[in-house]
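Worksheet: one structure, shown below.
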């Protein structure tokens, strides 16, 4: 997500948490997923174009939030 790139998920067979995550990301149009037994790189690359990909995180917002949180904790102690 940090790079703001698209991804193709291939859940490990028998790993329900991976299958669930892949399914949720597809429903939300974030990333394409394809089962291991049906995986075809060309098809997956084509299909992934229909998905938005991960949004790039704004590092400055995270830093500002961390500083605010630290400042709030510090001022509450005094």
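Here, each number is a calculation from the coordinates, and none is a lab measurement. Keep in mind that this is a model prediction, so the values were computed, not measured. We place every Cβ from the backbone using ideal geometry, glycine too, and count neighbours over all the protein chains shown.
Structure values in brief
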read-out: Mean ellipticity per residue at 222 nm, deg cm²/dmol - from DSSP H runs of n ≥ 4 across the chain, formula -39500 (n - 2.57); value: -15500 deg cm²/dmol
read-out: All-pairs Cα distance distribution in the chain, expressed in whole percent, bin size 10 Å; value: 17, 33, 21, 16, 10, 3, 0
read-out: Most mobile listed residue (55, 29, 38) in the chain, GNM with C-alpha springs under 10 Å; value: 38
read-out: Distance in nm between pseudo-label sites at residue 37 and residue 8 (7 Å out along the Cβ direction from Cα); value: 2.0 nm
